[in-house]
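Q: What follows is a structure written as structure tokens; I'll ask about it next.
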Amino acid sequence: MAYILNIETATKNCSVSLAKDGQTVLCKEIADQGYSHAEKLHVFIEDILKESQIDFRKLKAIAVSKGPGSYTGLRIGVSTAKGLCYALGIPLIAVDTLAVLAQKVTQNDGLIVPMLDARRMEVYSAVFNANHQKIMEVQAEVLTNDSYAEMTETIYFVGDCQEKCQTVLTKENFVFLPEIVFPSANEMSPISFEKFTRNAFEDVAYFEPFYLKDFMLTKKN
């Protein structure tokens with residue numbers, strides 16, 4: 001019996017789940033425009049364990065969404081995960097954020113392209129098949145009218161930048177799923193458990209989030 005705590009903070013969605021053998025027991029999350037991760041994350045963790053009547057000492061691992069995504073959100077999630085691993089003496093599991101987002105799509109055909117906003121017409125993206133296997137690696141790309149033009153399969157686009165994507169991605173085989181916006185710790189459960197069974201752990205001391213791009217400081221309007 002393996003209890004794993006999953007933490008997803010790579011986007012505006014602050015999300016925590018407790019999973020037992022790859023199945024989500026309880027999930028708490030909030031998508032806040034103001035990025036309330038620092039205030040909500042530890043509260044969610046304590047609430048989930050209390051409501052599930054699971055002690056910290058029963059956890060076998062901590063899983064964290066590794067990115068790409070928000071620099072600040074990733075730092076908060078990873079710092080929390082590493083701190084728990086140190087304190088509890090349990091392993092750290094890192095999960096691809098875009099794989100988590102793709103996991104929310106349940107289709108029997110076509111391709112899945114999860115995208116996260118990276119300002120202007122740039123996005124973080126990857127391509128998965130209908131079985132959620134990655135067939136194109138994560139990249140930062142600038143979208144144009146020619147993006148994905150060579151693909152003839154039905155392509156399902158999900159993520160927090162669909163509105164701007166639809167202005168240039170207009171082919172008939174492009175399908176947008178506006179109800180799927182943010183990755184969630186709920187979908188981390190099977191991924192983190194599979195990694196746990198393979199002992200695919202990170203070095204807690206040296207692990208860093210996968211930012212993909214250098215952090216850029218912007219001024220508030």
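Where a number appears in this text, it was derived from the coordinates with a stated rule and is not lab data. Values in this document were obtained by computation on a predicted structure and should not be read as measured data. Note that each Cβ is placed from the backbone with ideal geometry, even for glycine, and that neighbours are counted across all protein chains shown.
Q: Jot down the per residue volume, in cubic angstrom and as a whole number, of the convex hull over the alpha-carbon atoms of segment 11-126.
A: Numbers: hull volume 13.5 nm³, N = 116.
Cα convex hull per residue, to the nearest whole number: 116 Å³.
Q: Would you mind pulling out the separation of the Cα centroids of segment 133-162 and segment 31-88, in Å?
A: The distance from the Cα centre of segment 133-162 to that of segment 31-88 comes to 30 Å.
Q: Another question, if that's okay. Please give the calculated 222 nm ellipticity per residue for the chain, where each DSSP H segment of at least 4 residues contributes -39500 (n - 2.57) and the sum is spread over every residue; nearest 500 deg cm²/dmol?
A: On the way: 5 runs with 54 residues, N = 221.
-7500 deg cm²/dmol, from helical runs alone.
Q: Among LYS60/LYS213; LYS28/LYS213; LYS20/LYS104; LYS12/LYS171; LYS28/LYS60; LYS58/LYS134, which pairs are too far apart, with a Cα-Cα distance over 27 Å?
A: Values: LYS60/LYS213 32 Å; LYS28/LYS213 29 Å; LYS20/LYS104 19 Å; LYS12/LYS171 29 Å; LYS28/LYS60 20 Å; LYS58/LYS134 32 Å.
In this structure, LYS60/LYS213; LYS28/LYS213; LYS12/LYS171; LYS58/LYS134 lie more than 27 Å apart at Cα.
Q: Expressed as an acute angle from 0 to 90° and rounded to the nearest 10, what is the orientation of the C-alpha long axis of helix 188-197 relative to the principal long axis of the chain?
A: Taking the Cα atoms of the chain, the angle to 188-197 is about 60 degrees.
Q: Can you tell me what percent of all Cα-Cα pairs in segment 105-176 are more than 20 Å apart?
A: Working: 503 of 2556 pairs.
Percent of Cα pairs beyond 20 Å in segment 105-176: 20.
Q: Now, a different point. So for the chain, averaging the separation of alpha carbon pairs under 8 Å that are six or more residues apart and normalising by length, what relative contact order in percent results?
A: Details: 464 pairs, mean separation 52.2, N = 221.
Once divided by the residue count of the chain, the mean separation gives 24 percent.
Q: Would you pull out the residues with amide H under 5 Å of ALA63's amide H, same chain only if 5 or more places away, H placed 1.01 Å from N?
A: So ALA63 has HN proximity to LEU5, ASN6, ILE7, ILE93.
Q: Taking the Cα atoms only, what angle lies between the long axis of helix 71-88 and the longest principal axis of the chain, rounded to 10 degrees?
A: For 71-88 against the chain, the angle is about 30 degrees.
Q: Can you give the FRET efficiency for VAL142 and VAL25, using 1/(1 + (r/R0)^6), R0 = 25 Å, r = Cβ-Cβ distance, to the nearest 0.05? Let's see the in-between values first.
A: Details: r = 41 Å, r/R0 = 1.63.
Plugging the Cβ-Cβ distance into 1/(1 + (r/R0)^6) gives 0.05.
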